[in-house]
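Have a look at the structure below before the remarks.
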Amino acid sequence: MPAYLAAAWLSGTTVAVAAAVAGFFIVRKNAAFFAHALPKAGFAGAAGAVFLGVNPLYGLAVFAVGGALAVSRLEKREQGDVATALTLVAALGAGALFLVLTGRYATGAYALLFGQIVGVTGAQVLATAGVGALCLLAVAFLYRPLLLVTHAREVAEARGLPVGLVETGFLLVTALAVTVAVPVAGALLSFSLLIGPAAAANHLTCRPGKAMALSVVFSLLTVWLSLTLAYLTGWPTGFFVSAVVAGLYLGTRALAAASRI
Amino acid sequence: MSMWAGFWQSPEVHGALALGAVVAAVSGVIGVFVVLRGQSFAGHALADIGGAGAAGAFLAGVNSLWGFLLFGLLGAVGVELLGRRARERDLATGIVLALALGVEALLLYFDTRLAGGAQAPMLVLFGSVFVVAPSTVRVVAVLSLVTAAVTGALYRPLLLCSIEPELAVTRGIPVTLVSLVFILLLAVVVEEGSLVVGALLSTGLLIGPAAAAVRLTAKTGWAMFWAALLGVAAVWAGVFLAYGSYRWPPGGHGWPVSFFTAALILVFYLAARLGTGSRQGA
């Protein structure tokens with residue numbers, strides 16, 4: 001296997017695991033719009049970093065975290081979806097400015113939006129693994145309180161859990177997963193991995209531990225299958241990721257509906 | 001002085017101001033319903049879904065408007081059919097959007113490989129208010145009139161379905177049909193916006209002015225008026241500032257209309273929020 005393929009395989013695997021684990025909570029919290037908005041905000045941040053001449057990963061992380069905090073701040077006196085939409089518009093407005101001022105309009109933006117999994121370097125593999133591990137650690141730490149806050153908010157409050165802090169923890173975990181996923185999978189398609197496998201897993205089981213494990217399995221299958229198909233056909237990886245994810249979602253949904261009858 | 005004389009005489013500027021105003025006004029009116037119904041995600045997703053159609057239209061060599069509209073309407077039907085149950089709505093929207101984005105990635109790949117259009121991705125993603133063809137202007141005008149007329153005809157049942165769905169059901173209003181017609185209307189408005197001002201401002205003009213307007217007044221009709229007015233103001237000021245920004249640093253090119261308009265929309269929203277915050281309480 002050539003070195004660039006090994007790098008793509010390794011980083012793709014890390015992204016698959018991080019996205020599936022964060023995605024489990026995203027789906028349980030019905031936060032699909034949020035999961036779509038954060039990678040796009042991150043894309044705008046990366047464009048800003050390119051404009052300033054620093055590592056795009058920093059811009060990505062800053063905008064992903066900043067976007068998450070902005071949504072949670074706006075949400076206090078606004079519908080969640082409106083808060084998300086406004087944060088997205090703010091980030092993308094800034095992104096449009098950065099892109100035009102940088103002047104490297106076409107190629108740079110295309111790579112950030114749709115990802116360049118085959119162009120991943122050795123250093124990027126390490127960075128991806130590091131942030132991915134951080135994301136998993138945070139989920140392990142937050143798992144029980146976050147599950148309680150998600151499914152029984154009143155109980156969590158009554159037990160004296162710091163609900164606000166746990167919610168912020170969830171936002172930061174999502175931001176971390178986004179930071180891992182965007183450079184590899186692209187801003188537009190990270191979203192497919194964040195929600196698709198977890199939504200499919202949720203159709204098959206209600207038990208949290210099982211659903212999370214299933215979500216990771218689906219996510220790994222999606223990424224590995226997509227990388228293989230992309231290698232064989234030369235078509236973009238993102239197309240296969242989306243197609244596999246949509247197929248998994250519709251298939252498990254049909255299965256769940258059939259078993260209910 | 002001469003620069004601003006050029007501004008008022010340039011046909012591109014006239015076109016941008018007129019088209020931008022039409023799109024902003026229609027988006028503001030529909031946007032109030034979008035905010036009331038909590039469908040911001042669908043409103044934004046349809047803009048992105050249309051982009052896949054535009055990439056396809058570029059490949060087929062037809063006007064991108066038809067690609068935007070075809071995918072927008074298909075996407076709207078998909079979102080509505082898959083997301084009937086409230087709990088599943090956001091996820092269903094997300095899956096349809098993910099599929100469309102995947103198809104877009106493939107079509108853009110073919111655009112750059114086969115049609116040789118390296119600029120295609122950027123035009124599709126960030127449309128420009130200055131480069132709309134005259135034939136498109138007429139289509140956009142007709143579509144806007146049709147959507148405005150249908151919205152007017154549906155106003156009362158739609159409002160009832162949006163605010164009191166249970167009451168609408170007991171009064172015998174076909175709620176499912178009304179929400180299907182609404183999302184199709186929404187698709188037409190959003191795709192017009194994506195074509196004329198790009199996907200970013202399509203969402204901005206749909207949600208921002210409406211979210212500000214529903215804070216300014218409790219009457220839906222007035223909220224629509226304010227949303228349309230704020231939207232038009234943001235677009236006009238955006239075009240104006242973008243034209244003036246050619247002299248700003250770092251030089252060489254102007255700042256984009258989408259940046260100014262998005263910034264103004266947010267300023268309007270935050271001002272409305274601050275202004276009404278004390279009365280509503282935290």
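The values are calculated or read from the model by the stated rules, or taken from the named source; none is laboratory data. For clarity, every value in this text was computed on a predicted model and none was experimentally measured. As a convention, Cβ positions derive from the backbone with ideal geometry for all residues, glycine included, and neighbour counts pool all protein chains shown.
Meeting the requirement of 2 or more residues that are away from every other protein chain (no Cβ under 12 Å), closer than 26 Å to residue B:47 by Cα and without any contact (Cβ under 8 Å) to a residue 40 or more places away in the chain, the helices (runs of 4 or more DSSP H) wholly within segment B:172-282 are B:175-216, B:220-244.
Within segment B:34-52, the set of residues being in a helix (DSSP H, G or I), in contact (Cβ under 8 Å) with a residue 60 or more places away in the chain and of a type outside the set (Ser, Thr, Tyr) comprises B:34, B:35, B:36, B:37, B:42, B:43, B:44, B:46, B:47, B:48, B:50, B:51. You will find that of B:103, B:96, the residue that is within 14 Å of chain A (Cβ to nearest Cβ), assigned to a helix (DSSP H, G or I), of a type outside the set (D, E, K, R) and surrounded by fewer than 24 Cβ atoms within 10 Å (Cβ to Cβ) is B:103 and no other.
The set of residues in segment A:52-95 being touching a residue at least 40 places away in the same chain (Cβ under 8 Å), surrounded by 24 or more Cβ atoms within 10 Å (Cβ to Cβ) and hydrophobic (A, V, I, L, M, F, W, C) consists of A:60, A:64, A:68, A:71, A:85, A:88, A:91, A:92. Pairing residues of segment A:208-231 that are under 14 Å from residue A:13 (Cβ atoms) with residues that are of a type in the set (Ser, Thr, Tyr), at Cβ distances under 6 Å and at least 6 apart in sequence or on separate chains, gives A:226/A:237.
A quick yes/no check of all residues on (1) out of contact with any Gly (no Cβ under 6 Å at 6 or more places or on another chain); (2) surrounded by 20 or more Cβ atoms within 10 Å (Cβ to Cβ):
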{"position": "B:11", "(1), (2)": "yes, no"}
{"position": "B:18", "(1), (2)": "yes, no"}
{"position": "B:41", "(1), (2)": "yes, yes"}
{"position": "B:48", "(1), (2)": "yes, yes"}
{"position": "B:62", "(1), (2)": "yes, no"}
{"position": "B:67", "(1), (2)": "no, yes"}
{"position": "B:75", "(1), (2)": "yes, yes"}
{"position": "B:81", "(1), (2)": "yes, no"}
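Filtered by the rule that a residue be more than 18 Å from residue A:18 (Cα to Cα), surrounded by fewer than 21 Cβ atoms within 10 Å (Cβ to Cβ) and either modelled with pLDDT of 95 or more or within 13 Å of another protein chain (Cβ to nearest Cβ) (or both), segment A:218-245 gives A:229, A:230, A:233, A:234, A:235, A:243.
Scanning segment A:165-194 for residues being more than 10 Å from chain B (Cβ to nearest Cβ) and over 21 Å from residue A:137 (Cβ atoms) gives a total of 1.
In the set A:32, A:49, only one residue is more than 11 Å from every other protein chain (Cβ to nearest Cβ), in contact with a helix residue (DSSP H, G or I) (Cβ under 8 Å, 6 or more places away or on another chain) and surrounded by 19 or more Cβ atoms within 10 Å (Cβ to Cβ); that residue is A:49. Please verify whether segment B:69-87 includes one or more residues that are modelled with pLDDT of 85 or more, more than 25 Å from residue A:199 (Cβ to Cβ) and either more than 14 Å from chain A (Cβ to nearest Cβ) or assigned to a helix (DSSP H, G or I) (or both). Yes, segment B:69-87 contains at least one residue that is modelled with pLDDT of 85 or more, more than 25 Å from residue A:199 (Cβ to Cβ) and either more than 14 Å from chain A (Cβ to nearest Cβ) or assigned to a helix (DSSP H, G or I) (or both).
Within segment A:157-168, the set of residues being under 26 Å from the mean Cα position of the chain (by Cα), surrounded by 13 or more Cβ atoms within 10 Å (Cβ to Cβ) and in a helix (DSSP H, G or I) comprises A:163, A:166, A:167, A:168. Does residue B:217 qualify as being under 19 Å from residue B:13 (Cβ atoms), of a type in the set (Val, Ile, Thr) and at pLDDT 90 or above? No; evaluated as a whole, the condition is false for this residue. Restricting attention to segment A:137-156, the residues being touching a residue at least 40 places away in the same chain (Cβ under 8 Å) and aliphatic (A, V, I, L, M) number 3. Based on this model, can you work out whether residue A:197 counts as in contact with a helix residue (DSSP H, G or I) (Cβ under 6 Å, 6 or more places away or on another chain), closer than 16 Å to residue B:91 by Cβ and more than 9 Å from chain B (Cβ to nearest Cβ)? Yes, satisfied. Of the residues in segment B:42-61, at least one is out of contact with any Leu (no Cβ under 9 Å at 6 or more places or on another chain) and away from chain A (no Cβ under 11 Å). Scanning segment A:251-261 for residues that are in contact with a helix residue (DSSP H, G or I) (Cβ under 8 Å, 6 or more places away or on another chain) and within 13 Å of chain B (Cβ to nearest Cβ), we see that the one that is surrounded by the fewest Cβ atoms within 10 Å (Cβ to Cβ) is A:251. Beta carbons closer than 8 Å, at least 6 apart along the sequence or on distinct chains, pair a first residue in segment B:141-166 that is surrounded by 14 or more Cβ atoms within 10 Å (Cβ to Cβ) with a second that is among the charged types (D, E, K, R) for B:143/B:192; B:144/B:192; B:160/B:171; B:162/B:37.
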